[in-house]
1. Using each residue's phi in segment 111-118, evaluate 6.51 cos²θ - 1.76 cosθ + 1.60 at θ = phi - 60° and report the 3J(HN,Hα) Karplus result to the nearest Hz, with x for Gly and Pro.
2. Note down the relative contact order for the chain as a percent, whole number, built from C-alpha pairs under 8 angstrom at least six residues apart.
3. Which of P121, V178, A28 sits farthest toward the positive end of the charge dipole of the chain, with +1 on the Cβ of Lys and Arg and -1 on the Cβ of Asp and Glu?
4. Any idea what the dipole of segment 42-142 comes to, in debye rounded to 20, about its Cα centre with Lys/Arg Cβ at +1 and Asp/Glu Cβ at -1?
5. How much length is gained if the chain between E115 and T74 is pulled fully straight, taking 0.36 nm per residue apart and subtracting their Cα-Cα distance, in nm to one decimal?
6. Excluding ligands, DNA and RNA, what is the solvent-accessible area per residue of the chain at a probe of 1.4 Å, expressed in Å²?
7. With an 8 Å cut-off on Cα pairs and a minimum separation of 6 or more residues, tell me the relative contact order of segment 1-125 in percent.
8. Using amide H atoms built 1.01 Å from N in the peptide plane, name the residues 5+ places from M170, or on other chains, whose amide H lies under 5 Å from its own.
Amino acid sequence: NPVDARRKGDYLYWADANKGDLSRSTLAGAYTSWNVKGVIGFYGTAVDDDGRLWAGVLSGHDIYRLDPSGTICTYTLPDAGLMSGYMVFQDGYLWFGDDYNARLLRLRISDDQLEWWGDLPVDSSLFGMVLDGQGDLWYADTNNASLAELAPDLKQLTIYSLPAGSLPAMLAMQGRLVWYTQFNLGPTYDYRAGMGSLDPDVASHTHLALSY
């Protein structure tokens, strides 16, 4: 069950949602898989500038990195942190969320230094993530029915409230327009439950000053 496939140069990368496999394929279709023992399924992925595949386990404490050589490295989140969903790579940093501590983190991959923002709204649950054309980082906060935009200076978070009952999941950009899928309201998660869009230039919002 491939999940969150990425392309980098002449290769495709993906993880498996039902077992601990990380895979790399040529565009012609020849692929190789590596199994990570103890992992029952991956979730979000990202590929850095050196062609290394990063993958997280939903509600897991670890992030895994597959190097082009086939070596697999493990990073354990501090403070009992739990991966919240998806991740993105930008300018030498890997961005992701920590559900347990309700915070946004980034890993500087050049020296494995971890930074985080813990003064987010209470019970924040960061799920889908995307970068816009201005370099802003967007994420969906499922628990708080909102989308959030982190400015490039990393000091201001703009929060856009969605209609009551919204459960935003995945994100995609179309210019400045932010599209989001929604979980359903039943006992199981279902990405087909609906879609919505937000125009940040006209939507109501609040600003939250951040420190890190």
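The values are calculated or read from the model by the stated rules, or taken from the named source; none is laboratory data. Keep in mind it's a predicted model, so treat the numbers as computed, not measured. Methodologically, a virtual Cβ is constructed for each residue, glycine included, from the backbone with ideal geometry; neighbour enumeration extends over all protein chains shown. Each accessible area value is taken on the protein alone, full model and side chains, heavy atoms only, with ligands, DNA and RNA left out. Shrake-Rupley method; radii C 1.70, N 1.55, O 1.52, S 1.80 Å.
1. Rounded to whole hertz, the list is 9, 6, 7, 10, 10, 8, 10, x.
2. Numbers: 531 pairs, mean separation 21.1, N = 212.
This gives 10 percent for the chain.
3. Towards the positive end, the residue furthest out is A28.
4. Values: 5 positive and 17 negative charges, 47 e Å.
About 220 debye.
5. Values: separation 41, 0.36 × 41 = 14.76 nm, distance 1.74 nm.
So the extension gain works out to 13.0 nm.
6. Values: 10200 Å² over 212 residues.
That works out to 48 Å² per residue.
7. Working: 296 pairs, mean separation 17.7, N = 125.
14 percent.
8. T181
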